[in-house]
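Asks: Input: one structure, supplied below.
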There are 2 protein chains.
Amino acid sequence: MHNLPIGVFDSGIGGLTVLRALRQALPRESFLYLGDTARLPYGTKTPASVVRYALQSTAVLCQQGIKLLVVACNTASAVALPSLRAAYAPLPVIGVVESGAKAACMVSRSGHIGVIGTEGTVRGGSYEREIIARRPSAQVHAQACQLFVALAEEGWFDTPVTRATAEAYLRPLLSRAPVDTLVLGCTHFPVLREAIAAVAGPGVTLVDSAQTVAQHVVHILENQGFAAMESKEGDLVFFATEGPERFARVGSLFFGATIRPEDVTLVDL
Amino acid sequence: MHNLPIGVFDSGIGGLTVLRALRQALPRESFLYLGDTARLPYGTKTPASVVRYALQSTAVLCQQGIKLLVVACNTASAVALPSLRAAYAPLPVIGVVESGAKAACMVSRSGHIGVIGTEGTVRGGSYEREIIARRPSAQVHAQACQLFVALAEEGWFDTPVTRATAEAYLRPLLSRAPVDTLVLGCTHFPVLREAIAAVAGPGVTLVDSAQTVAQHVVHILENQGFAAMESKEGDLVFFATEGPERFARVGSLFFGATIRPEDVTLVDL
């Protein structure tokens with residue numbers, strides 16, 4: 001069990017920011033990453049479709065053998081965790097939404113928590129539900145920041161356009177209430193962290209779902225005694241359901257290190 | 001034959017700018033529009049997948065009965081026309097790429113033609129090929145403007161962010177060469193026309209693929225004697241392969257008139 005890899009599932013390449021954080025926190029673990037690029041974005045799909053896609057994608061990872069599953073996709077985390085846990089018990093399944101909500105509740109002093117994500121994540125209200133469940137007095141202020149996804153994929157991490165976009169989205173949110181905590185509720189957003197922080201200002205703590213989920217996984221591996229016993233660096237294996245070339249090229253931006261097209265295996269779901 | 005509708009196929013909602021132009025040019029025609037929203041965006045898919053999706057989508061339209069097919073999706077226009085023509089002959093099949101390239105060749109005096117589109121369209125080089133085939137001396141200057149897609153879907157048609165983005169994409173393109181014609185090589189871009197025109201300046205003629213394809217269809221219906229004989233306004237029927245609610249909401253922006261969710265029929269491909 002110890003030496004099985006950790007599975008990471010995302011709708012595409014955004015989850016590579018989560019893999020990057022996991023890799024930094026757990027350098028001796030091996031990882032299997034599956035990006036369901038053929039069917040991204042999940043945010044505009046119906047919950048029933050997202051559950052079906054998540055089950056299919058997880059089946060591929062489980063066939064290879066994994067000891068824990070991280071659902072890096074916010075949309076899938078919001079709707080598919082119960083189905084995944086039921087289908088693959090006793091596999092531990094960790095979602096970015098739970099981790100991010102938990103961290104935000106711990107960090108916020110004012111209780112006014114901002115959440116930014118895709119249109120689908122914000123409309124679904126998943127962060128709001130998870131935050132209120134943990135801290136019923138909290139006030140959640142959510143804002144869809146759809147353009148951030150395109151900015152991240154374009155590699156415009158901190159350009160004048162990025163800052164102007166952050167201003168347009170965040171200024172109204174921050175003027176509405178004394179928000180002191182802002183959850184980056186989309187796996188694409190950590191790469192825009194500088195621009196978002198510059199607009200949000202020093203009084204606002206950013207909660208990076210990639211980092212919080214990595215901390216969460218560290219705890220679970222320790223608690224369950226599942227941590228890798230190897231002393232060497234773990235392996236990385238990438239699967240994509242479409243376009244390994246684009247996965248490698250744009251994915252390298254998110255992963256923060258080069259992924260070569262030949263490292264990405266195409267799987268047909 | 002005359003009273004059969006015209007089929008319009010797109011990967012999603014962008015093609016509604018094409019439908020809008022068709023509707024304005026041909027108010028007495030009826031239209032069936034199919035947006036393959038479950039599998040958008042096509043631009044990041046492999047050509048083989050795009051051909052398969054286009055054949056499946058067209059099959060749905062042909063089952064209903066159509067007299068002509070407009071492929072509003074640039075990616076599908078670039079790779080799937082030969083397969084569609086072979087599979088559904090003698091159905092006339094019109095693609096936005098051919099129409100846009102033809103118009104650009106007629107309009108340009110300098111022979112320096114700019115083409116803007118999605119990453120997929122620009123990498124595929126379809127406009128370049130179609131332009132050079134018609135005007136071998138032309139110089140084509142292509143620029144991927146991926147963020148324009150997100151700006152259009154966000155409804156930020158002419159905001160400071162839109163203009164700053166247009167500056168970032170178009171200024172280098174326009175300084176490289178005496179471009180006098182700019183092809184809007186993505187169905188999303190006509191709604192950003194004002195912002196694009198403001199940055200391009202009065203010396204650059206914009207070729208709107210939605211309008212040029214509508215003119216093309218007018219000619220074909222006249223030449224083949226297929227035009228509607230009705231004196232009343234034609235009918236509109238919408239199909240989407242996922243998320244009729246979002247199709248209606250965001251689609252209304254592109255269509256320039258309200259589409260109600262109940263007007264959109266979900267089809268499973």
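Asks: Across the range A:218-269, what is the total count of residues that are in a loop (DSSP other than H, G, I, E, B), within 14 Å of another protein chain (Cβ to nearest Cβ) and within 21 Å of the chain's Cα centre (by Cα)?
Replies: Pass one, the range A:218-269, residues in a loop (DSSP other than H, G, I, E, B): A:225-235, A:241-243, A:256-260, A:267-269.
Going one step further and asking which of them are within 14 Å of another protein chain (Cβ to nearest Cβ), we end up with A:241-243, A:267-269.
The next check asks that each one be within 21 Å of the chain's Cα centre (by Cα); those that pass are A:241-243.
Residues in the range A:218-269 being in a loop (DSSP other than H, G, I, E, B), within 14 Å of another protein chain (Cβ to nearest Cβ) and within 21 Å of the chain's Cα centre (by Cα): 3 in total.
Asks: Here is a list: A:95, A:114. Which entry is closer than 17 Å to residue A:205 by Cβ, modelled with pLDDT of 95 or more and buried (at least 22 other Cβ atoms within 10 Å of the Cβ)?
Replies: Working: A:95 fails: closer than 17 Å to residue A:205 by Cβ.
It is A:114.
Asks: Taking residue B:88 as the residue in question, decide whether it is among the aromatic types (Phe, Trp, Tyr), farther than 19 Å from residue B:255 by Cβ and within 14 Å of another protein chain (Cβ to nearest Cβ). Spell out how you get there, then give the answer.
Replies: On the way: among the aromatic types (Phe, Trp, Tyr): yes; farther than 19 Å from residue B:255 by Cβ: yes; within 14 Å of another protein chain (Cβ to nearest Cβ): no.
In short, no.
Asks: A further question follows. Somewhere in the range B:119-131, is a residue within 20 Å of residue A:151 (Cβ to Cβ), surrounded by 21 or more Cβ atoms within 10 Å (Cβ to Cβ) and modelled with pLDDT of 95 or more? Outline the logic, then answer.
Replies: Quick first cut of the range B:119-131, residues within 20 Å of residue A:151 (Cβ to Cβ) only: B:119-123.
Those still in the list that are surrounded by 21 or more Cβ atoms within 10 Å (Cβ to Cβ) too: B:120-122.
Now drop any that are not modelled with pLDDT of 95 or more, which leaves none.
There is no residue in the range B:119-131 that is within 20 Å of residue A:151 (Cβ to Cβ), surrounded by 21 or more Cβ atoms within 10 Å (Cβ to Cβ) and modelled with pLDDT of 95 or more.
Asks: Which residue, of B:22, B:16, is hydrophobic (A, V, I, L, M, F, W, C), touching a Phe, Trp or Tyr at 6+ places or on another chain (Cβ under 6 Å), over 14 Å from residue B:241 (Cα atoms) and assigned by TED's automatic domain parsing to the domain that holds residue B:248?
Replies: Checking each option against the conditions leaves just B:16.
Asks: Can you pull out every residue in the range A:104-152 that is of a type in the set (S, T, N, Q), within 20 Å of residue A:70 (Cβ to Cβ) and not in a loop (DSSP other than H, G, I, E, B)? Break it down into steps so the answer makes sense when it comes.
Replies: Narrowing the range A:104-152 to residues of a type in the set (S, T, N, Q): A:108, A:110, A:118, A:121, A:126, A:137, A:139, A:143, A:146.
Keeping just the survivors that are within 20 Å of residue A:70 (Cβ to Cβ) gives A:118, A:121, A:126.
Once the filter is applied, which keeps residues that are of a type in the set (S, T, N, Q), within 20 Å of residue A:70 (Cβ to Cβ) and not in a loop (DSSP other than H, G, I, E, B), the range A:104-152 yields A:121, A:126.
Asks: Checking residue B:187 against (1) within 18 Å of the chain's Cα centre (by Cα); (2) modelled with pLDDT of 95 or more; (3) outside any helix (DSSP H, G or I): exactly one of these is not met. Which one?
Replies: Tallying (1) within 18 Å of the chain's Cα centre (by Cα); (2) modelled with pLDDT of 95 or more; (3) outside any helix (DSSP H, G or I), residue B:187 fails exactly one: (2).
Asks: I'd like the full set of residues that are closer than 22 Å to residue A:191 by Cβ and among the polar types (S, T, N, Q), limited to the range A:127-153. Spell out the reasoning first.
Replies: Kept after step one, since they are closer than 22 Å to residue A:191 by Cβ, are these residues of the range A:127-153: A:127, A:142-153.
A:143, A:146, listed by residue number.
Asks: Testing residue A:202 on (1) out of contact with any strand residue (DSSP E or B) (no Cβ under 6 Å at 6 or more places or on another chain); (2) more than 14 Å from every other protein chain (Cβ to nearest Cβ); (3) in contact (Cβ under 8 Å) with a residue 24 or more places away in the chain; (4) surrounded by fewer than 22 Cβ atoms within 10 Å (Cβ to Cβ), one condition comes back false. Which one is that?
Replies: (3) is the only condition that residue A:202 fails.
Asks: Something else: Within the range A:196-217, track down each residue that is under 21 Å from residue A:127 (Cβ atoms) and over 12 Å from the mean Cα position of the chain (by Cα).
Replies: Start the filter on the range A:196-217 by keeping residues that are under 21 Å from residue A:127 (Cβ atoms), which leaves A:196-197, A:199-200, A:203-217.
If the condition is that a residue be under 21 Å from residue A:127 (Cβ atoms) and over 12 Å from the mean Cα position of the chain (by Cα), then A:196, A:197, A:199, A:200, A:203, A:204, A:205, A:206, A:215, A:216, A:217 are the ones that fit.
Asks: Tell me which residues, restricted to the range B:12-43, are among the aliphatic types (A, V, I, L, M), assigned to a loop (DSSP other than H, G, I, E, B) and either at pLDDT below 95 or crowded, with 24+ Cβ neighbours inside 10 Å (or both). Talk me through it step by step, then tell me what you get.
Replies: The first filter runs over the range B:12-43 and keeps only residues among the aliphatic types (A, V, I, L, M), leaving B:13, B:16, B:18-19, B:21-22, B:25-26, B:32, B:34, B:38, B:40.
Right, trim to assigned to a loop (DSSP other than H, G, I, E, B) and you get B:13, B:26, B:38, B:40.
Once the filter is applied, which keeps residues that are among the aliphatic types (A, V, I, L, M), assigned to a loop (DSSP other than H, G, I, E, B) and either at pLDDT below 95 or crowded, with 24+ Cβ neighbours inside 10 Å (or both), the range B:12-43 yields B:13, B:38, B:40.
Asks: Do we find that residue A:214 is of a type in the set (Gly, Ala, Ser), touching a His at 6+ places or on another chain (Cβ under 8 Å) and surrounded by fewer than 24 Cβ atoms within 10 Å (Cβ to Cβ) in this structure? Give the steps one after another, and end with the answer.
Replies: Details: of a type in the set (Gly, Ala, Ser): yes; touching a His at 6+ places or on another chain (Cβ under 8 Å): no; surrounded by fewer than 24 Cβ atoms within 10 Å (Cβ to Cβ): yes.
So residue A:214 fails the test.
Asks: Can you spot a residue in the range A:126-139 that is within 15 Å of the chain's Cα centre (by Cα) and of a type in the set (A, V, I, L, M)?
Replies: Of the residues in the range A:126-139, the ones within 15 Å of the chain's Cα centre (by Cα) are A:126-127.
Pick out the ones that are also of a type in the set (A, V, I, L, M) and you get none.
No, that holds for no residue.
Asks: Name the residue, out of A:240, A:195, that is within 19 Å of residue A:17 (Cβ to Cβ) and in the same structural domain as residue A:43 (by TED's automatic domain parsing). It would help to see each step written out before you state the result.
Replies: Numbers: A:195 fails: in the same structural domain as residue A:43 (by TED's automatic domain parsing).
Criteria check complete, one pass: A:240.
Asks: Just to check your reading of the model, which residue among B:22, B:34 is closer than 22 Å to residue B:85 by Cβ, out of contact with any Ser or Thr (no Cβ under 9 Å at 6 or more places or on another chain) and away from chain A (no Cβ under 12 Å)? Before the answer, list the steps.
Replies: Working: B:34 fails: out of contact with any Ser or Thr (no Cβ under 9 Å at 6 or more places or on another chain).
Matching residue, one of B:22, B:34: B:22.
Asks: Would you be able to say whether some residue in the range B:95-103 is away from every other protein chain (no Cβ under 14 Å) and part of a loop (DSSP other than H, G, I, E, B)? Outline the logic, then answer.
Replies: Residues of the range B:95-103 that are away from every other protein chain (no Cβ under 14 Å), as a first pass: B:95-103.
With the extra rule that they be part of a loop (DSSP other than H, G, I, E, B), the set shrinks to none.
No: zero hits.
Asks: Also, quick follow-up: Counting just the residues of the range A:44-57 that are within 10 Å of chain B (Cβ to nearest Cβ) and assigned to a helix (DSSP H, G or I), which one comes out nearest to residue B:44 (Cα to Cα)?
Replies: Applying the first criterion (within 10 Å of chain B (Cβ to nearest Cβ)) to the range A:44-57 yields A:44-46, A:49.
Next, only the ones that are assigned to a helix (DSSP H, G or I) stay: A:44, A:49.
Values: A:44: 17, A:49: 20 Å.
Only one residue tops the list, namely A:44.
Asks: Within the range A:136-194, how many residues turn out to be touching a His at 6+ places or on another chain (Cβ under 8 Å), farther than 24 Å from residue B:119 by Cα and either crowded, with 22+ Cβ neighbours inside 10 Å or within 12 Å of chain B (Cβ to nearest Cβ) (or both)?
Replies: Residues that pass the stated criteria total 2.
Asks: Determine if the range A:58-81 includes at least one residue that is surrounded by 21 or more Cβ atoms within 10 Å (Cβ to Cβ), within 14 Å of chain B (Cβ to nearest Cβ) and modelled with pLDDT of 95 or more.
Replies: no
The values are calculated or read from the model by the stated rules, or taken from the named source; none is laboratory data. Predicted, not measured: the structure shown is a model, and the values here were computed from it. Positions of Cβ are generated from backbone atoms using ideal geometry, with glycine treated the same way; all protein chains shown enter the neighbour counts.
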